[in-house]
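The structure appears below as structure tokens.
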Amino acid sequence: MGKLSDAIYEVHFMDTIASKDSPVHRVHPLVKLIVTIAYIWFTVSFGKYDVTGLITMVVYPVALFSLSGVSFGHSIKKLRVILPFVILMGILNPFFNREPRFLLYGLTVTNGMVSGLTLFIKGVLTVLGAYLLIATTRIESVCYALNLLHVPEILVTQILLTYRYITVLLSEANHIFEAYSLRAPFQKGVHYKVWGSLIGQLLFRSIDRATGLYDSMVLRGYNGNFRHSRLSAVRWQDFAYLFVWGAVFAVLRFTSLASLLGGLFV
Amino acid sequence: MHMADALLSPSVGGVMYAASAAAAVYSVKKVKEDFNPKKVPVMGVMGAFVFAAQMINFSIPGTGSSGHICGGILLAALLGPYAAFLTMIAILLIQCLLFADGGILALGCNIWNMAFYACFFGYFCLYKPITKNGLSRGKIILASVLGCVLSLQLGAFSVVLETTISGISELPFSVFVAAMQPIHLAIGTVEGLVTAAVLIFVFQTRPELLDAGAKENKFSLKKVLVIMGVIVVLVGGALSLIASSSPDGLEWSIGQVTGSEELESDGGVHDTLASVQEKTAVLPDYSFGNENVAGTSFSGVIGSGLVAGLCILLAVIFGVYKKKKKANAGKS
């Protein structure tokens with residue numbers, strides 16, 4: 001099944017690019033997490049008609065793609081997951097708000113058109129912000145950052161274990177589904193008569209695997225407590241990264257940089 | 001039903017984070033109360049199982065289309081509601097980070113819409129009462145379908161509420177509700193039937209797995225409804241404070257004293273802070289304020305184009321420089 005094998009490839013691919021080395025990859029995960037949240041927060045805080053202000057927020061993804069060496073092309077694939085719904089909402093805006101906003105070469109641009117465009121730009125920028133975090137930070141490091149933020153240990157462990165077992169169970173599901181497809185060619189989806197047994201088999205295999213996992217953990221001294229590997233402390237470069245991006249976001253949000261720059265030419 | 005960051009205002013995202021965090025903290029407490037070390041790896045692997053199961057499409061008889069499971073009720077039946085809720089959080093976080101399915105700011109909303117309603121409301125208010133006097137095929141089907149349908153209906157309604165209160169979309173509330181609820185009624189029914197099929201298979205082959213889930217919840221319906229009520233009041237109250245266009249208590253009091261709903265400022269620090277607050281509030285005085293045309297007119301358009309263009313140019317120059325450096329290093 002394409003969907004399952006695509007997902008396996010995706011997990012491995014993200015793991016590989018997050019393990020690369022670049023100035024951005026080397027930034028402390030906690031700092032990257034804070035900067036990402038700040039970026040998304042500032043981006044969505046722009047008003048729904050503030051297109052020009054919002055466009056200036058492109059500075060962050062462009063700089064990070066450039067500094068980290070992460071491919072922009074792959075991030076486009078990520079956009080297709082969430083953008084259809086956002087685009088649908090944006091496309092409907094012009095129909096529900098027809099109040100004229102300004103004239104562009106004789107064409108009346110309505111509030112709905114502007115807010116639809118803003119919604120689309122916000123959708124793209126926020127997805128790119130999140131993508132750049134995970135493309136430059138391994139999930140273990142994100143979990144370490146969550147630990148530092150005092151997210152409960154049991155939850156962090158869940159994220160780590162689920163992540164580790166995703167590829168294993170996706171492969172298992174892929175095998176089951178491929179075997180099924182070979183016996184039921186040209187059929188869209190799983191027939192309702194085998195809904196229970198097909199997923200049930202996957203469930204039993206998962207539970208058996210979890211039992212095996214628990215046994216092997218006990219043999220290695222597991223007593224209910226997890227010990228996460230500690231990463232290096234926050235360095236001055238990390239503070240500088242945090243400070244610089246914080247300042248950039250604040251300037252882009254609280255000043256009309258676009259108008260000031262444009263004013264020099266108009 | 002995963003929400004994107006773009007559909008939310010920071011205020012609504014923040015409130016939903018707080019609500020989901022409160023439910024998570026309570027679940028962590030309950031799981032720790034009768035902590036079984038074996039449960040931790042089981043939860044992790046079950047999270048991965050739901051993740052994989054969500055990718056399998058099930059053909060819907062007579063329609064030519066297909067659906068998939070979300071897994072909240074299924075996990076709650078197998079692990080108990082608290083462990084299921086924590087497992088769902090892990091799944092939603094990984095989906096958001098690795099597959100861009102749902103946003104980081106919207107994670108609180110997604111946890112609430114997809115995990116909370118299924119693991120707590122759907123489970124305690126429907127699945128548990130129906131199955132409490134013993135399991136049977138009919139009871140499992142009824143409990144699963146009703147549990148899934150109701151939790152998806154509540155989730156879909158929450159998406160509409162969160163988006164509308166955020167003020168991002170121009171879509172009227174009634175139109176949005178009319179579009180979302182029927183679709184999710186169909187999705188919920190299919191999910192309920194698939195969940196029932198899996199649970200019946202488990203019940204017939206390894207029923208001890210369902211007993212393990214049932215033992216986890218020594219919890220009365222009354223207590224659940226009280227907690228739900230408190231959360232609804234808290235969330236509803238916080239959201240309506242953001243959304244209300246009527247003066248709140250403080251504004252009303254000021255209005256009574258000064259004749260105006262807001263105090264006059266005397267410039268200086270107050271004005272600076274007010275300007276910062278206005279920009280970050282997103283919903284200044286519960287509306288989007290009076291931004292002028294497309295930001296700040298034509299010079300704004302030129303300026304934003306310049307910033308974007310300059311950034312891309314710098315990035316290209318940097319890329320060429322890096323390639324050259326790499327090539328030189330390769331030669332030497």
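The values are calculated or read from the model by the stated rules, or taken from the named source; none is laboratory data. Being a predicted model, the structure only gives us computed values, none of them experimental. Every residue, glycine among them, receives a Cβ derived from its backbone with ideal geometry; neighbour counts consider all protein chains shown. When the accessible area is computed, the model is the full protein with side chains, heavy atoms only, and any ligands, DNA or RNA have been set aside. Shrake-Rupley method; radii C 1.70, N 1.55, O 1.52, S 1.80 Å.
Points worth noting:
- Matching residues, region A:144-181, being of a type in the set (S, T, N, Q) and touching a residue at least 40 places away in the same chain (Cβ under 8 Å): A:N147, A:T157, A:T167, A:S171, A:N174, A:S181
- Among (1) more than 7 Å from chain B (Cβ to nearest Cβ); (2) without any contact (Cβ under 8 Å) to a residue 12 or more places away in the chain; (3) assigned to a loop (DSSP other than H, G, I, E, B); (4) not aliphatic (A, V, I, L, M) - the single one A:K188 does not satisfy: (1)
- In region A:95-130, residue nearest to A:T56 (Cα to Cα) [restricted to those that are open to solvent by 70 Å² or more (accessible area, probe 1.4 Å) and assigned to a strand (DSSP E or B)]: A:L104
- Failed condition for A:V81, given (1) more than 29 Å from B:S174 (Cβ to Cβ); (2) under 18 Å from the mean Cα position of the chain (by Cα); (3) surrounded by fewer than 22 Cβ atoms within 10 Å (Cβ to Cβ); (4) within 8 Å of chain B (Cβ to nearest Cβ): (1)
- Total residues in region A:199-242, condition modelled with pLDDT under 80 and over 30 Å from A:L133 (Cα atoms): 3
- Of all residues in region B:2-9, at least one satisfies being within 19 Å of the chain's Cα centre (by Cα), open to solvent by 10 Å² or more (accessible area, probe 1.4 Å), facing chain A (nearest Cβ under 9 Å) and of a type outside the set (D, E, K, R).
- Candidates B:L107, B:L75, B:L98, filtered to the one that is open to solvent by less than 10 Å² (accessible area, probe 1.4 Å), in contact (Cβ under 8 Å) with a residue 12 or more places away in the chain and of a type outside the set (S, T, N, Q): B:L75
- Given (1) farther than 15 Å from B:I104 by Cα; (2) open to solvent by less than 20 Å² (accessible area, probe 1.4 Å), index of the condition A:L67 fails: (2)
- For region A:131-174, the set of residues classified as of a type outside the set (A, V, I, L, M, F, W, C) and either closer than 30 Å to A:L198 by Cα or facing another protein chain (nearest Cβ under 8 Å) (or both) consists of A:Y131, A:P152, A:T157, A:Q158, A:T162, A:Y163, A:R164, A:Y165, A:T167, A:S171, A:E172, A:N174, listed by residue number.
- Of all the listed residues (B:F157, B:F173), the sole one being under 21 Å from B:L105 (Cβ atoms) and either open to solvent by 20 Å² or more (accessible area, probe 1.4 Å) or not acidic (D, E) (or both) is B:F157.
- Scanning region A:17-48 for residues that are touching a Lys or Arg at 6+ places or on another chain (Cβ under 8 Å), aromatic (F, W, Y) and open to solvent by 10 Å² or more (accessible area, probe 1.4 Å) returns a single hit, A:F42.
- Output for region B:35-50, where each listed residue is more than 7 Å from chain A (Cβ to nearest Cβ) and touching a residue at least 12 places away in the same chain (Cβ under 8 Å): B:K39, B:V50
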